[in-house]
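Let me begin by presenting the structure, written as structure tokens, before commenting on it.
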Amino acid sequence: LWLECSVAAGGIMAYIVYKRKKPRTIPLGDGWWGVGEKTLSEDQKIYPFQVETSDKEIEDLYERIDRTRYADPLEDGKFHYGFNSTYLKKVVSYWRHEFDWKKQVAVLNKYPHFKTKIEGLDVHFIHVRPPHRENQKVLPIMIVHGWPGSFYEFYKILPLLTQSHDGVVFEVICPSIPGYGFSEASHKQGFNSLAAARIFLKLMERLGFSQFYLQGGDWGSLITTNMAQMKPQCVKGLHLNMCMSNRGFKVLLSLLIGPYLPFLVGLSREDVRRLFPFFEKNVFEMLRESGYFHIQATKPDTAGCGVNDSPVGLAAWILEKFSSWADLKNRDLEDGGLERKFSLDDLLTNVMIYWTTGSITSSMRFYKENLGSNLNNRVDFKTEIFVPTGFAAFPNELMHCPKSWAQIRYRNIQSYTFMPRGGHFAAFEEPQLLADDLFNFVKKVEKS
């Protein structure tokens, strides 16, 4: 996509097409992702759910770990070839001999879990209400994860969001995307972000919320954006820590002039620092980091066979992303810098959610379902977003999106913050920073 933007004629044509578009909402529609034909009626009750485990499950894990066959790493390879197997052995040793899954299951269950049937799928979510206090404004918010994360990414930010902040506090709904963790995977082809958005809107309606806030990163940013496009009257505000910008003449002009006269094209000095040299940071780096992306967007079931069968293979596939996506400089370290931002208990808990549910393959399919066709032809990429929007731009995010680029699609940006530190997994890495920015955004919206 970015290479296409470097072609002037293509950029100008994209700009002309964009200017002809008229803002509109996306029709909500309906869907059925369950087994077989759609049923005449659907159970709309909400059922309590608990994460469970068993000795048999843990014994099977240990047996598979003990049979692992490792490849020797290259000398001084660090994390440039992927997850370094020397450090992987240390992580797996901790997993096998020290990590306590039963203890972590109790941690997962400290918040209330639920399931409900929507469009043929059992949808899992946690619902956290703030402690009752006088004179506080309780605002409902849905926060949505991405890949290779899970609802557990938000366990450090949940206490911050459910504590009063100058009289404002959140009631948090945190679902698992269908096909991830404890949410049932689609049995039909075509389950993309639009389908997930529609299901989550139905979930909020079922919970009795007519207006609410949204927050997301990674796939969560696309899903919550789709929700705002489908029912803008229900979305009081949209807060994102990842943004995919449009192509077009404005972006092309920024790339040509930005390094020299940034103020003429709406770029700040910080934008310039994060964006340029553009091809090194946004093309070559993405080529180095997007091998997984191409595999999952084309043949997810093939790769899924291996990582769904081998717990160590699964851990390597997932945890490599928590290394490089937190900071690309971590590739220069023998241990990938994993424990600089995360504890092994937290990382392995996220891995175990994928392992025990057998959901890695279905989570990978989400790439193919969303990227099987040209994104620019999708209705959501042709639809502007008019709800109040806030962006938290973390410095180590994989691709930087300047405010001037974000404004091409998001037409009502109320706040845009250059965050001082942090990468792709914002809530997991820097929960306090993300919570503070979210509260500041919401307070601004509430006052307007």
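Scanning the range 123-140 for residues that are under 20 Å from the mean Cα position of the chain (by Cα) and surrounded by fewer than 22 Cβ atoms within 10 Å (Cβ to Cβ), which turns out nearest to F191 (Cα to Cα)?
Step one: filter the range 123-140 for residues under 20 Å from the mean Cα position of the chain (by Cα), giving 123-128, 140.
Within this subset, residues satisfying the condition of being surrounded by fewer than 22 Cβ atoms within 10 Å (Cβ to Cβ) are 127-128, 140.
On the way: H127: 24, V128: 27, P140: 26 Å.
Looking at residues that are under 20 Å from the mean Cα position of the chain (by Cα) and surrounded by fewer than 22 Cβ atoms within 10 Å (Cβ to Cβ), I get H127.
Checking the conditions here, which among L267, L252 is open to solvent by less than 30 Å² (accessible area, probe 1.4 Å), in contact with a Pro (Cβ under 7 Å, 6 or more places away or on another chain) and either not acidic (D, E) or not in a helix (DSSP H, G or I) (or both)?
Details: L252 fails: in contact with a Pro (Cβ under 7 Å, 6 or more places away or on another chain).
Sole residue among the options that is open to solvent by less than 30 Å² (accessible area, probe 1.4 Å), in contact with a Pro (Cβ under 7 Å, 6 or more places away or on another chain) and either not acidic (D, E) or not in a helix (DSSP H, G or I) (or both): L267.
It is to be established whether one or more residues within the range 204-213 are polar (S, T, N, Q) and either open to solvent by 10 Å² or more (accessible area, probe 1.4 Å) or over 22 Å from N109 (Cα atoms) (or both).
Yes, some residue in the range 204-213 is polar (S, T, N, Q) and either open to solvent by 10 Å² or more (accessible area, probe 1.4 Å) or over 22 Å from N109 (Cα atoms) (or both).
Which one of these is over 24 Å from A195 (Cβ atoms), open to solvent by 30 Å² or more (accessible area, probe 1.4 Å) and free of Cβ contacts under 8 Å to residues at least 40 places away in the same chain: N377, N412?
N412
Within the range 170-192, can one find any residue that is in a helix (DSSP H, G or I) and open to solvent by 10 Å² or more (accessible area, probe 1.4 Å)?
No - not one qualifying residue is present in the range 170-192.
For the range 294-363, give me every one of the helices (runs of 4 or more DSSP H) that falls completely inside it and has 2 or more residues that are under 17 Å from the mean Cα position of the chain (by Cα).
In the range 294-363, the matching helices (runs of 4 or more DSSP H) lie at 311-324, 344-357.
Working only within the range 270-294, note down all residues that are in contact (Cβ under 8 Å) with a residue 12 or more places away in the chain, within 26 Å of N374 (Cβ to Cβ) and either exposed (fewer than 14 other Cβ atoms within 10 Å of the Cβ) or not charged (D, E, K, R) (or both).
Result: L275, F278, N282, V283, M286, Y292, F293.
Inspect the range 385-397 for any residue being crowded, with 16+ Cβ neighbours inside 10 Å and assigned to a helix (DSSP H, G or I) and give the result as yes or no.
no
Of the residues that make up the range 231-246, is at least one within 29 Å of S324 (Cα to Cα), over 22 Å from the mean Cα position of the chain (by Cα), among the aliphatic types (A, V, I, L, M) and not in a helix (DSSP H, G or I)?
Taking the range 231-246 first, the residues within 29 Å of S324 (Cα to Cα) are 238-246.
Narrowing further to those that are over 22 Å from the mean Cα position of the chain (by Cα): none.
So far as the range 231-246 goes, no, none of its residues is within 29 Å of S324 (Cα to Cα), over 22 Å from the mean Cα position of the chain (by Cα), among the aliphatic types (A, V, I, L, M) and not in a helix (DSSP H, G or I).
Can you give me the number of residues within the range 76-119 that are in a loop (DSSP other than H, G, I, E, B), more than 25 Å from G313 (Cβ to Cβ) and open to solvent by 10 Å² or more (accessible area, probe 1.4 Å)?
4
The values are calculated or read from the model by the stated rules, or taken from the named source; none is laboratory data. Remember, it's a predicted structure, so these values are computed and weren't measured experimentally. As a convention, Cβ positions derive from the backbone with ideal geometry for all residues, glycine included, and neighbour counts pool all protein chains shown. Remember, those area values only see protein heavy atoms, side chains included, never the ligands or the DNA or RNA. Shrake-Rupley method; radii C 1.70, N 1.55, O 1.52, S 1.80 Å.
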